[in-house]
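The values are calculated or read from the model by the stated rules, or taken from the named source; none is laboratory data. None of the values given here were measured: they were computed from a predicted structure. Counting neighbours? That spans all protein chains shown, and the Cβs are built from the backbone with ideal geometry, glycine included. The area values use the complete protein model at the heavy-atom level, side chains included, leaving out ligands, DNA and RNA. Shrake-Rupley method; radii C 1.70, N 1.55, O 1.52, S 1.80 Å.
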Amino acid sequence: MEMKTHPLKIFTGRATRHLTEKICDSLDVDLGHSSCPVFADGEFEPCYEETIRGSHIFIVQSTPPTADNLLELLLMVDAAKRASAYKVIAVVPYFGYARQDRKDKPRVSIGAKLVADLLTVSGIDRLITMDLHADQIQGFFNVPVDHLYASTLFVPFIEKMGLDNVIIASPDVGGTKRANTYAKMLNTGIVICHKTRARPNEVGNMTVIGEVENKDVIIVDDMIDTAGTITKAANLMKKKGARSVRAFAAHGVLSGPALERIEKSELEEVYFTDSIKPKTGCDKIKYISTAEAFGEAIRRVYKNQSISSLYYK
């Protein structure tokens with residue numbers, strides 16, 4: 001009996017339809033039909049509205065706000081396995097709980113490991129994601145992880161901006177490796193901000209290590225949440241003589257006072273990918289789409305082709 005090819009089907013969770021539709025356009029495939037009825041008490045039940053038996057299923061879902069969207073993704077994976085999908089690949093542009101990658105104080109969970117276990121047990125065969133808070137989170141999974149980098153989008157964009165005297169900056173010591181990668185790709189120098197935290201999401205003191213006078217500073221990070229760190233760093237660098245300050249971050253979480261802080265800061269522009277649904281209310285914020293990058297990763301995974309060329313930072 002002749003073996004039939006396993007068809008490619010792409011579905012989306014409710015949080016990431018804006019991106020999944022663009023991914024489907026880049027691949028010239030139709031978005032799969034699914035629904036997610038919500039009961040009166042808030043419980044929801046994802047459902048596939050077409051047959052997926054024997055299909056290669058890609059489910060696109062970022063996880064902020066983390067609880068509902070993560071659970072929706074888990075339920076969609078479980079439903080796909082029970083509907084006899086051939087392979088189930090979770091495409092998680094923004095991986096929530098990634099900041100909880102270690103025990104940095106007593107009696108706390110390692111949330112990133114727990115989420116990795118939940119996804120693995122739910123039945124995923126592979127994970128595709130972008131700019132994890134820490135690269136070692138890939139090791140929390142017992143299935144293959146394709147870790148893409150926003151730098152593949154940001155670096156060519158920065159090069160086309162035509163800035164005269166660029167220097168890359170890390171908003172904290174933990175982001176030094178990322179900043180160094182950008183600096184090598186752009187053949188420029190690096191400065192580092194050293195900060196202390198009074199409590200989560202609140203920056204205490206900050207100092208700049210390196211020279212920024214008359215420089216066009218590009219601050220790079222994996223995410224911006226409340227924007228306290230990034231705006232304080234930008235204001236400090238401007239005070240120390242920087243000609244301009246811009247920020248590039250893969251994920252625009254933008255919680256609480258983030259938009260107001262960015263608007264009032266010395267930042268000229270802030271660039272994010274569309275891994276999280278774009279927010280309005282601040283003219284300084286701009287978005288660069290990841291649709292083609294994720295679309296190409298999906299195409300290569302489906303065709304069993306190498307995607308290592310998409311990994312370079």
I need to check one value: relative contact order of the stretch 49-129, counting alpha carbon pairs closer than 8 Å and at least 6 residues apart, in percent. 34
So what's the angle, to the nearest 10 degrees on a 0 to 90 scale, between helix 228-239 and the longest Cα principal axis of the chain? 30
Label zone at Arg82 (point 7 Å along Cα-to-Cβ), backbone N below 16 Å, the stretch 96-140: 121-124
Under 9 Å from the Cβ of Gly241, count the other residues' Cβ atoms, weight Lys and Arg +1, Asp and Glu -1, and hand me the total. +3
Those trypsin sites (Lys or Arg not before Pro) in the stretch 1-96 that DSSP places in a loop and that have at most 14 other beta carbons within 10 Å: Lys4, Arg53
Angle in degrees between helix 17-27 and the longest Cα principal axis of the chain, rounded to the nearest 10: 70
On C-alpha positions alone, give me the angle between the axis of helix 151-160 and the longest principal axis of the chain, in degrees, nearest 10. 50
Chain lengthening between Cys47 and Asp283 when straightened (0.36 nm per residue, less Cα-Cα): 81.2 nm
Hey, any idea what % of the chain's accessible area is carbon plus sulfur with a 1.4 Å probe? 50
Note down the magnitude of the dipole of the stretch 1-96 about its Cα centre, charges +1 on Lys and Arg C-beta and -1 on Asp and Glu C-beta and zero elsewhere, to the nearest 20 debye. 340
What is the Cα centroid distance between the stretch 75-108 and the stretch 53-72, reported in whole angstrom? 8
Per residue, in Å², the accessible surface of the stretch 55-214 once ligands and nucleic acids are set aside, probe 1.4 Å: 46
The chain: relative contact order in percent, alpha carbon pairs under 8 Å with at least 6 residues between: 14
In vacuum, with every alpha carbon of the stretch 24-164 counted as one equal point scatterer, what does the Debye formula give for log10 I(q)/I(0) at q = 0.09, 0.15 Å⁻¹? Two decimals, please. -0.34, -0.84
Roughly what would the spin-label model give for Glu21 and Ser309, points 7 Å off Cα along C-beta, in nm? 3.1
Taking a ≥ b ≥ c as the square roots of the Cα gyration tensor eigenvalues, with a/c under 1.5 meaning rounded and otherwise prolate when a/b beats b/c or oblate if not, the chain comes out prolate
Simple SL model, points at 7 angstrom along Cα→Cβ for Ser109 and Thr176; separation in nm is 3.2
